[in-house]
Amino acid sequence: MSDALNRQMIAEELLNTLVCQLGADYVLTEESDMLPYVQEQRRLYPGHALAVVMPTCTAEVAFIVEQCREHGVSLVPQGGNTGLVGGGVPQQSIVVALGRMNRIRDIDPTNATITVEAGCILQVVQDAAQDVGRLFPLSLAAEGSCQIGGNLATNAGGINVLRYGNARDLVLGLEVVLADGSVMNSLTALRKDNTGYDLKHLFIGSEGTLGIITAAVLKLFPLPRGKATALVGCDTPHQVLALYEQLRDRLSDTLTAFEFLPRFAMDAVLSHIHGARDPFNVGYASYALIELTTPDADLDLNARLEAALADAFENDVVRDAVIANSSTQSKALWRLRESVAEAQIAEGASIKHDISVPVSGIADFIEAASATCLSILPTSRICAFGHVGDGNLHFNISQPVDMNAAAFMDLTPQFNRAIHDLVADMNGSISAEHGIGLAKRTELRRYKDPIALAMMERIKALLDPQGLFNPGKLL
């Protein structure tokens, strides 16, 4: 019997077993039905699945894993499939789509915790917390479709990391299905549990290569009762950084978000996003979007922010500022920031980098990286924006207006090497919040400490000796 025929028989036997357990409606095998699960949103990494299975509980996930192990078939856990580095793209694998596992198992306002299944959409978790007067602070552009399991598997970041931390910082406990089908039940709601290795951190950020997260206990926080939002115009990234330092020292932990936009990003949004309006009469080279929040309804954040910005004016850091006077105005300012990625698509092809450097070096990085890109291609259009308050920048280069898109994208390796070398020189990271996936495996081997990389490979071999969990990703 040929190897191909043998593999086909094994696959058919596995699929029949899964259909008997889950039902035919929840084991998709038609190409048209599987299409949303086998390609990521940028369509850079085509995939192929043997089937898409949709479990409804942890026991079914364990059954799927056991059967895949017995048949030697790889599997790819998948949430909302909103990733940007190909981390959820299958290659001749079973896709385990967790969207039906969407129950909120428990919510405890006094303990400030919520226990949710991996398929819960992030916005649903946010809303459930708000219904009991609490905040779940993880917030990102895809929150209406991304799922908690994927957020944790990629250690998602977003706009509130400055105050609340990454996804990793918001987790108390996990439930995980391991490669042998056993279930690690560490759904602790404790803030102090000093009983050995904190194993949950192995799986957070592992991109589904070590196990399948099926549930999590998440931290909640006091619901903000006051908010202030401002957009500030500056001349240089160094002024933006100086403003951040002044506001951090003066406003302490009320400073929740501090975002950076260059003029190119603002122009793109104003040109391509319907209803977007420039709040200033003149343009500035750099912008900072600032938000303060507090659970104290009596604290006048607008007054505090206005006073802090007045000092920044006197210190020659700020050129202009507008403070939102209503939630509508606040949403309009945030829309300018949140629409950058969409607007950049309308500007043509782009070469993207998700990097982080120490906050103190962010302005130097913007200037040095911009100069480097212009030396490679003088007509490059730099679109560097992002979460400057935590050192995370989306350093993108947009296609020149007079250049063919394919010819521009052919320069990707050259741009990547130049940008990532600079990141490494500044003791930064080539992946701040998007992960490694398929896109950055080679880059990881170039920049990761070899001892750390070897330890990662040992952990992978120990927890997934057959290499069946999300093969080809990360490592």
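The values are calculated or read from the model by the stated rules, or taken from the named source; none is laboratory data. As the structure is a computational prediction, the values presented were derived from the model and not from experiment. All Cβ positions, even for glycine, are placed from backbone atoms using ideal geometry, and neighbour counts span all protein chains on display. To get the accessible areas, we keep the full protein, side chains included, count just its heavy atoms, and leave off ligands, DNA and RNA. Shrake-Rupley method; radii C 1.70, N 1.55, O 1.52, S 1.80 Å.
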In region 361-376, residue nearest to Asn160 (Cα to Cα) [restricted to those that are among the hydroxyl-bearing types (Ser, Thr, Tyr) and open to solvent by 40 Å² or more (accessible area, probe 1.4 Å)]
Thr372
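Quickly run through region 82-111 and pick out the residues that are among the polar types (S, T, N, Q), surrounded by fewer than 20 Cβ atoms within 10 Å (Cβ to Cβ) and out of contact with any Gly (no Cβ under 7 Å at 6 or more places or on another chain). Full working, then the answer.
Restricting attention to region 82-111, the residues satisfying the condition of being among the polar types (S, T, N, Q) are 82, 91-93, 102, 110-111.
Those left that are additionally surrounded by fewer than 20 Cβ atoms within 10 Å (Cβ to Cβ): 91-92, 102, 110-111.
Within region 82-111, Gln92, Thr110, Asn111 qualify.
Select from region 252-274 the residues that are modelled with pLDDT of 95 or more and either in a strand (DSSP E or B) or farther than 29 Å from Ser380 by Cβ (or both) and list them in ascending order. Write out each step before concluding.
Here is the first cut: in region 252-274, the residues modelled with pLDDT of 95 or more are 254-274.
Listed by number, the residues that qualify are Thr254, Leu255, Thr256, Ala257, Phe258, Glu259, Phe260, Leu261, Pro262.
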When region 232-247 is examined, which residues are found to be in contact (Cβ under 8 Å) with a residue 60 or more places away in the chain and part of a helix (DSSP H, G or I)?
Pro237, His238, Gln239, Val240, Leu241, Ala242, Leu243, Tyr244, Gln246, Leu247
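If I ask for residues that are open to solvent by less than 50 Å² (accessible area, probe 1.4 Å) and more than 20 Å from Ser74 (Cα to Cα), which ones from region 188-203 would you list? Explain how you work it out, then say what you get.
Of the residues in region 188-203, the ones open to solvent by less than 50 Å² (accessible area, probe 1.4 Å) are 188-189, 200, 203.
Thr188, Ala189, Lys200 - these are the residues of region 188-203 that are open to solvent by less than 50 Å² (accessible area, probe 1.4 Å) and more than 20 Å from Ser74 (Cα to Cα).
Across region 80-100, what is the total count of residues that are within 13 Å of Ile148 (Cα to Cα) and at pLDDT 95 or above?
Keep residues of region 80-100 that are within 13 Å of Ile148 (Cα to Cα), which gives 80-83, 97-100.
The next check asks that each one be at pLDDT 95 or above; those that pass are 97-100.
Residues flagged as within 13 Å of Ile148 (Cα to Cα) and at pLDDT 95 or above within region 80-100 amount to 4.
Would it be correct to say that Arg248 is touching a Cys at 6+ places or on another chain (Cβ under 9 Å) and either charged (D, E, K, R) or closer than 24 Å to His394 by Cβ (or both)? Spell out how you get there, then give the answer.
On the way: touching a Cys at 6+ places or on another chain (Cβ under 9 Å): no; either charged (D, E, K, R) or closer than 24 Å to His394 by Cβ (or both): yes.
No.
Any residue at all in region 324-340 that is closer than 23 Å to Gly391 by Cα, open to solvent by 60 Å² or more (accessible area, probe 1.4 Å) and outside any strand (DSSP E or B)?
Taking region 324-340 and keeping what is closer than 23 Å to Gly391 by Cα, we get 333-340.
Now narrow it down to the ones that are open to solvent by 60 Å² or more (accessible area, probe 1.4 Å): 335, 338.
Applying the additional criterion that residues be outside any strand (DSSP E or B) yields 335, 338.
Yes: one or more hits.
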Quickly run through region 405-442 and pick out the residues that are of a type in the set (S, T, N, Q), open to solvent by 40 Å² or more (accessible area, probe 1.4 Å) and within 26 Å of Thr379 (Cα to Cα).
Gln414
Going by the structure shown, is Leu299 under 23 Å from Gly157 (Cβ atoms), in contact with a strand residue (DSSP E or B) (Cβ under 7 Å, 6 or more places away or on another chain) and outside any helix (DSSP H, G or I)?
no
Here are the criteria: (1) in contact (Cβ under 8 Å) with a residue 60 or more places away in the chain; (2) touching an Asp or Glu at 6+ places or on another chain (Cβ under 7 Å). Tell me which single one Glu117 does not satisfy.
(2)
Are any residues in region 377-404 of a type in the set (A, V, I, L, M) and open to solvent by less than 40 Å² (accessible area, probe 1.4 Å), and if so, which ones?
Leu377, Ile382, Ala384, Val388, Leu393, Ile397
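Tell me, which residue of region 65-81 that is farther than 30 Å from Ile355 by Cβ and surrounded by 24 or more Cβ atoms within 10 Å (Cβ to Cβ) is farthest from the chain's Cα centre (by Cα)?
Within region 65-81, the subset farther than 30 Å from Ile355 by Cβ is 65-75.
Subsequent filtering for residues that are surrounded by 24 or more Cβ atoms within 10 Å (Cβ to Cβ) retains 65, 68, 75.
Working: Val65: 26, Cys68: 28, Leu75: 22 Å.
The residue in question is Cys68.
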